[in-house]
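One structure is given here, and the rest of the page talks about it.
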Amino acid sequence: MKRPRKAIVRLFWVCASASACALIALLLLDLAFPFPVSRMRDRLASSSRLLASADGGHLSWRVDREENFRLVVPLAEASPWLVKATIAVEDRRFRSHPGVDAFAIARAFGQNLASGRRVSGASTITMQTIRLLWQRPRGFDSKLIEAFRALQLERIADKDRILELYFNLAPYGGNLVGVEAASRRYFGKPASRLGLAEAALLAGIPQSPARLDPRRHPEAAKARRDFVIFRMLQEGMIDSGEAERARRRPVEVSPHPRREEALHFVEKALRTAPDDENIVVTTLDRRLQGTLSELARGHGAELASRGVAGPAVVAVSIADGSVRAYVGNASPEHFPARMVDGAGVRRQPGSLLKPFIFAALAETGMVYPSARVYDLPRSWGEYAPRNMDRDWKGTLSAGEALRQSRNLPAVIQLETLGMDRFRAVLSGLGLEAGDSARHGLALALGAREQTLLDLTLAYAVLGRGGLWLPARVREAEAVSEPRRVLSPEAAWLALSALSPPEKALKPDLVWKTGTSWNQQDAWAVAMNREYAVGVWCGRPRRGGSAWTSGVDDALPLAISALAAAGGPSDPWPMPQGVVVGEVCADSGMPPGWSCPETLRTPYLAGTGRHLRCPDHSAEAVRAVDARNVKVPPDAKSSRLRIASPRQGAYYLMSGDGNEALPLSCDGGGATWFMDGLLLGETAAGGALNWIFQPGEHRVSAVDRNGASADATFTVRRFPAGPK
């Protein structure tokens with residue numbers, strides 16, 4: 001009895017001595033070869049960059065420096081099902097062992113010895129993580145190193161950190177590395193949203209990524225998935241009902257996404273994203289982007305047949321400046337300029353700046369939608385703007401001039417506003433302000449080049465009540481503090497002017513077109529209360545003979561795109577500082593006593609509009625200076641009406657000193673007085689020419705019966721143009 005007991009004691013001391021020696025050896029090895037913590041950081045430093053739409057849909061995916069698709073995510077962003085499935089199939093005692101599973105080693109040794117070949121392994125998740133951190137050829141010596149490093153890793157990192165490393169380094173087929181990349185590629189969603197069947201499928205792949213790739217070998221992948229589900233059931237992680245439902249699910253993987261969606265927008269989003277932001281969730285609306293891309297491609301095919309590039313389409317949310325759709329260029333693939341980002345290059349915007357001139361001047365009360373403006377030939381030195389139709393409209397309302405893109409009224413308004421004020425407005429709108437000396441009054445007609453995105457954001461300012469916001473391209477970006485550029489009243493009056501007369505009091509959908517002076521660029525912006533949509537098409541290389549037109553080439557697509565975007569049809573609410581008054585339907589001025597029809601028009605509160613309608617005012621009959629007029633004693637009363645000049649009219653003189661105003665009246669002849677001084681007489685149907693003189697004037701006519709009529713009018717001189 002003593003010998004067996006001594007043998008047991010001796011065996012105990014031998015084991016204890018061996019364990020002590022092994023422990024000492026491990027401690028010495030740990031001191032000699034400490035775990036390189038930087039290895040974990042370095043292996044996770046290389047990550048792909050995925051760009052997704054606002055709802056998480058795929059837009060673009062860039063490989064990492066090792067040509068792999070990998071997206072590093074924390075463990076908290078992996079589905080709990082994935083954690084359970086991986087532990088069940090790879091290392092069921094993961095939570096309890098120190099990095100090396102002695103029971104697994106003993107089991108594997110027995111099974112392999114009994115079969116005479118390797119049928120079972122003993123690698124823990126920790127050991128597999130070590131293998132992923134250091135790529136080594138398989139062998140017994142590699143196993144020993146992995147076991148040693150696993151013990152070290154367990155000492156410096158907790159179990160969750162080890163799982164996180166494993167999930168971000170494990171292979172999942174092809175060049176997919178990590179669960180996040182695999183989940184998005186196979187199922188089109190982040191790993192946090194994986195269900196039981198999907199998680200079990202992914203958990204089984206790392207055993208043999210090439211053989212279990214669900215795209216290439218769906219049956220093998222399904223068999224492995226069902227085995228993972230069985231192991232989860234064995235471990236009590238799921239019940240039989242959950243297991244049965246998961247096994248009945250077919251293996252369904254998402255279609256392989258195209259490499260790039262919204263190519264030009266993706267580049268813009270990447271430039272704004274921080275370097276460590278691997279998953280860039282953009283503001284793009286995938287549905288709207290797809291719809292506008294289809295519309296633009298169809299329109300682009302027709303444009304290409306005429307040698308015109310594009311179109312480019314941008315849709316911006318008025319609420320916060322988010323870019324919801326961005327089609328940089330929809331030219332057909334064979335078109336030479338299709339890679340040019342038409343929404344991001346600077347081109348001449350034609351008439352698209354005119355509403356901002358109107359709005360800035362409306363802030364002063366000097367213009368409102370029904371105010372009369374002049375569309376007549378005029379030059380400033382060598383600068384003589386003309387209209388696209390090479391015609392002149394004479395006098396018309398400011399709203400009509402804006403909607404018809406008349407050039408001279410816009411130039412006159414800019415001159416009245418002042419270059420410094422307008423350049424400040426453009427800068428506030430995020431637009432290029434130009435140079436006063438270089439561009440001069442031609443700035444009103446688009447002499448300074450702008451981008452489609454910037455112009456669309458500027459129009460959103462009108463829809464936002466005068467507040468500017470920068471473009472927002474990533475969901476992670478905070479909405480900026482808005483910048484006041486125009487008053488709410490001025491912005492609303494511009495919307496009113498852009499609307500047809502019947503919508504002037506309730507503007508709900510507005511648009512504006514622009515065409516560059518050489519007809520190389522065609523533009524249109526359409527807007528409702530939710531979206532501003534901009535369209536450009538043209539000739540980016542500034543060559544070719546095809547002419548473009550904003551009305552014909554850009555506006556139809558802008559209207560269709562806005563309809564596709566949707567949004568409320570409610571009108572913009574009228575600000576408190578805007579009042580509504582009656583005007584003559586013909587002249588657009590406050591009505592006289594005989595105006596046949598009037599309409600209601602908005603204007604800025606507190607601004608005087610004292611002149612009455614020149615066409616339908618009552619002629620005030622008053623005494624005139626008639627010291628040099630002999631009135632017959634038997635004169636009878638009669639009615640006398642001055643035909644020219646019109647009551648309350650404005651006349652413009654170019655400044656050459658030779659322009660004359662004809663004075664005439666209805667009926668017989670008359671004697672004429674200007675500001676109380678005798679001018680001369682006219683016969684029946686005749687006229688007397690009066691040389692223009694700047695200022696406010698009163699003209700009086702007295703006929704042979706002693707009847708008289710007065711008219712007041714104003715003459716203004718055009719200021720000299722820029723040198």
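Rule-based calculations on the coordinates, nothing more; no lab input. Only a predicted model underlies this, so the values are computations on that prediction, with no experimental measurement involved. Positions of Cβ are backbone-derived with ideal geometry, glycine not excepted, and every protein chain shown enters the neighbour counts.
Would you be so kind as to identify which of Val533, Pro500, Ser405 lies farthest towards the positive end of the dipole of segment 325-565, taking Lys and Arg as +1 and Asp and Glu as -1 on Cβ and the Cα centre as origin?
The residue sitting farthest along the positive end of the dipole is Ser405.
Calculate the dipole size of segment 325-565 relative to its Cα centre from +1 charges on Lys and Arg beta carbons and -1 charges on Asp and Glu beta carbons; express the result in debye to the nearest 20.
About 220 debye.
Tell me whether segment 355-443 comes out rounded, prolate or oblate; compute the Cα gyration tensor, take square roots of the eigenvalues as a ≥ b ≥ c, and use a/c under 1.5 as the rounded threshold.
oblate
Just want the answer: with Cβ charges of +1 for Lys and Arg and -1 for Asp and Glu, which residue in Thr714, Ala687, Ala660 is farthest toward the dipole's positive end in segment 641-717?
Looking along the dipole axis, the top candidate is Thr714.
Each residue of segment 372-386 in turn: what ³J(HN,Hα) in whole Hz from Karplus with 6.51, -1.76, 1.60 and θ = phi - 60°, glycine and Pro shown as x?
6, 10, 10, 10, 9, x, 7, 10, 10, x, 8, 8, 10, x, 10
With a cap of 10 neighbouring Cβ atoms within 10 Å, and only residues DSSP puts in a loop, list the GluC sites (Glu not before Pro) found in segment 291-376.
Within segment 291-376, the qualifying GluC sites (Glu not before Pro) (loop, at most 10 other Cβ atoms within 10 Å) are Glu333.
In whole Å, what is the distance between the alpha-carbon centres of segment 124-194 and segment 446-516?
52 Å
Using a Förster distance of 45 Å, how high is the FRET efficiency between Thr395 and Ala319, based on the Cβ-Cβ distance and rounded to 0.05?
My answer for the efficiency is 0.70.
Tell me, in nm to one decimal, what length is gained between Arg639 and Val37 on full extension, where the rule is 0.36 nm per residue of separation less the Cα-Cα distance?
Taking 0.36 nm per residue and subtracting the Cα distance, the gain is 206.1 nm.
Could you give the nm distance between label points at Glu333 and Ser480, where each point is 7 Å from its Cα heading toward the beta carbon?
The two pseudo-label positions are separated by 3.8 nm.
Using the Cα centre of segment 191-253 as the reference point, and only Cβ charges (+1 on K/R, -1 on D/E), how large is the resulting charge dipole? Debye, rounded to the nearest 20.
240 debye
Rounding to the nearest 20 debye, state how big the charge dipole of segment 641-717 is about its Cα centre with +1 on each Lys and Arg Cβ and -1 on each Asp and Glu Cβ.
Taking the Cα centre of segment 641-717 as origin, the dipole is about 120 debye.
Under a 5 Å amide H to amide H cut-off, with H placed in plane at 1.01 Å, what residues pair with Tyr531 once short-range neighbours are removed?
Here Ile318 satisfy the definition.
Between Arg138 and Arg161, what length comes free when the chain is fully extended (0.36 nm per residue of separation minus the Cα-Cα distance, one decimal in nm)?
Gain in length upon complete extension: 5.8 nm.
Can you list which of the chymotrypsin sites (Phe, Trp or Tyr not before Pro) found in segment 532-603 are DSSP loop residues with at most 11 other C-beta atoms within 10 Å?
Answer in residue order: Trp593.
Please list, in order along segment 474-491, the HN-Hα scalar couplings obtained from phi with the Karplus expression 6.51 cos²θ - 1.76 cosθ + 1.60 (θ = phi - 60°), rounded to whole Hz, x for Gly and Pro.
For segment 474-491, the Karplus-derived couplings read 10, 5, 6, 6, 6, 5, 5, 6, x, 10, 6, 10, 10, 6, x, 5, 5, 4 Hz, x marking Gly and Pro.
With a Förster radius of 35 Å, plug the Cβ-Cβ distance of Leu44 and Ala220 into 1/(1 + (r/R0)^6) and report the FRET value to the nearest 0.05.
The pair Leu44/Ala220 has a calculated efficiency of 0.70.
Once label points are set 7 Å from the Cα along Cα→Cβ at both Glu382 and Arg271, what is their separation, rounded to one decimal in nm?
3.5 nm
Quick one: if you stick a label point 7 Å off each Cα along the C-beta vector at Met366 and Glu66, how many nm between them?
6.7 nm
Pairs Lys393/Lys512; Lys159/Lys189; Lys268/Lys506; Lys189/Lys268; Lys354/Lys503; Lys84/Lys222: which are spaced more than 28 Å apart, C-alpha to C-alpha?
Lys268/Lys506
Quick one: length gained pulling Arg248 to Arg306 fully straight, 0.36 nm per residue minus the C-alpha distance?
15.3 nm
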